[in-house]
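The structure under discussion appears below in the form of structure tokens.
Please treat every number below as a calculation from the coordinates, not as lab data. Bear in mind that the values here come from a model prediction, so they are computed numbers and not experimental data. Because the Cβ atoms are built from the backbone with ideal geometry, glycine has one as well, and the counts that use them run over all protein chains shown.
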Amino acid sequence: MSEVHQEFPKTDRILKRDLFRRLYEQGHKLQFRYFTAFILAKQANGPRIGVTATRKIGNAVQRNRARRLVREAFRKNKWLAPGGVDIVINVKRSLVEAHYRDLESEFIAFLKRAVEK
């Protein structure tokens, strides 16, 4: 049986503030029920993601859970994303009460729309 890679390396993450700002300014904005996404083509290989959750979402536990859910949806489905893109996800309050499978189905729909762009 072959081993499935379950990792989420730092190379798949957007961590720098200037990269977040560039995506907000130059990226294409898409609205969904659980999140707002900004997507921008880049030169490097492989998709990367950054996740933000403001205090409007809830307390620290709720914000961290929301970020974990989005990162997990990305990790499991990043193969659907176009090769060289940066993605920033701004979590909405509705994600706090959502089930993972609902978020994942919406995230897959987002990735399929991103391929079309």
Check your understanding: Among K29/K112; K76/K112; K16/K42; K42/K92; K10/K56, which pairs are too far apart, with a Cα-Cα distance over 21 Å?
Key -> K42/K92; K10/K56
Practice item. Over segment 13-96, consider all pairs of different Cα atoms and compute the Kirkwood hydrodynamic radius from their mean reciprocal separation; express it in Å, one decimal. Key: 13.0 Å
Check your understanding: What's the extension gain from T36 to I108 if we count 0.36 nm per residue and subtract their Cα-Cα distance?
Key -> 24.5 nm
Exercise for review: Mind computing the radius of gyration and Dmax over the alpha-carbon atoms of segment 47-98? Å is fine for both.
Suggested key: 11.6, 35
Exercise for review: Using a 10 Å cut-off on Cβ atoms, rank the peptides 59-66, 71-78 from the highest mean neighbour count down.
Suggested key: 71-78, 59-66
**Study point:** Cα Rg over Rh - segment 1-52, Kirkwood
**Key:** 1.05
Study note, to complete from the structure: Comparing R33, R13, R93 in a Gaussian network model of the chain (Cα, 10 Å), the one with the largest mean-square fluctuation is R33
Point to revise | Mean residue ellipticity (222 nm) of the chain, computed from DSSP H runs ≥ 4 via -39,500 (n - 2.57), nearest 500 | key: -12500 deg cm²/dmol
Review point. By DSSP, what percent of the beta bridges with both residues in the chain are antiparallel, rounded to the nearest 5?
Key: 65 percent
Exercise for review: Grab the Cα-Cα distance for R75 and Q43, subtract it from 0.36 nm times how many residues apart they are, and report the gain in nm with one decimal.
Suggested key: 9.5 nm
Review point. According to the Kirkwood expression over distinct Cα-Cα pairs, how big is the hydrodynamic radius of segment 70-117, in Å?
Key: 11.3 Å
